[in-house]
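Single-structure report; data block below.
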Amino acid sequence: MVAPFLLFGFSGVADYGQAAFVTSDTRSAAEAGALYGSIKGYNSGAMATAAQNASSMNLAGANVSTTTFYACVTGSAGTAAIGTTQASSFTCPDGKTKSGQFATIQITPTFTPIFSGDGASVPTVKVTMRIA
């Protein structure tokens, strides 16, 4: 009598564990792709490949997209934030620096839960890094 309830409970635990793993692995892959861009410069295909190579799971079915934009960094060390998008030659509000180039890599992994009724899902992961 108890076995069906235990099976139901364990399938939910397995789904949430798998979702946590997929999310963590996807974040690490996105960070690797963004890091590639910060070292080698913006290259959409190479950044996606770097993300794929860093993943311990197959990202072939995932939606991977990259974008680049220019912006100024606002705030100070420890509280810095990316400002609004600007032209590449824009002089930042400090009057001394030009806007920097940033790259964003966004990965939406595929995830199929064992038990579809438990609500386990994985989010889209988005990482932005200054590349120039």
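The numbers here are math on the coordinates, done by the rules we state, and not lab data. Remember, it's a predicted structure, so these values are computed and weren't measured experimentally. Neighbour counts run over all protein chains shown; Cβ positions are idealised from the backbone, glycine included.
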* Out of Ile39, Ile107, sole residue that is assigned to a helix (DSSP H, G or I), out of contact with any Cys (no Cβ under 6 Å at 6 or more places or on another chain) and aliphatic (A, V, I, L, M) -> Ile39
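Name the residues in segment 112-132 that are outside any strand (DSSP E or B), surrounded by fewer than 17 Cβ atoms within 10 Å (Cβ to Cβ) and not small (Gly, Ala, Ser), would you?
Our first condition is that a residue be outside any strand (DSSP E or B); within segment 112-132, this holds for 112-124, 131-132.
Keeping just the survivors that are surrounded by fewer than 17 Cβ atoms within 10 Å (Cβ to Cβ) gives 112, 114-117, 119, 121, 123-124, 132.
Passing the criteria: Thr112, Ile114, Phe115, Pro123, Thr124.
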* To do: Evaluate the following for Thr91: is it exposed (fewer than 14 other Cβ atoms within 10 Å of the Cβ), over 29 Å from Gln18 (Cβ atoms) and of a type outside the set (Gly, Ala, Ser)?
  => yes
* To do: Find all pairs meeting these conditions: Cβ atoms under 7 angstrom apart; at least six residues apart or on different chains; first residue within segment 77-91 and touching a residue at least 24 places away in the same chain (Cβ under 8 Å) and under 14 Å from Ala132 (Cα atoms); second residue surrounded by 10 or more Cβ atoms within 10 Å (Cβ to Cβ) and not basic (Lys, Arg).
  => Ile82/Ala71; Ile82/Val73; Ile82/Phe102; Ile82/Thr128
* Structure fact -> Selection over segment 44-72 where residues are under 12 Å from Ala103 (Cβ atoms), crowded, with 16+ Cβ neighbours inside 10 Å and of a type outside the set (Val, Ile, Thr) yields a count of 8
* Structure fact -> Per the filter on segment 54-81, residues among the hydroxyl-bearing types (Ser, Thr, Tyr) and touching a strand residue (DSSP E or B) at 6+ places or on another chain (Cβ under 7 Å) are Ser65, Thr66, Thr67, Thr68, Tyr70, Thr74
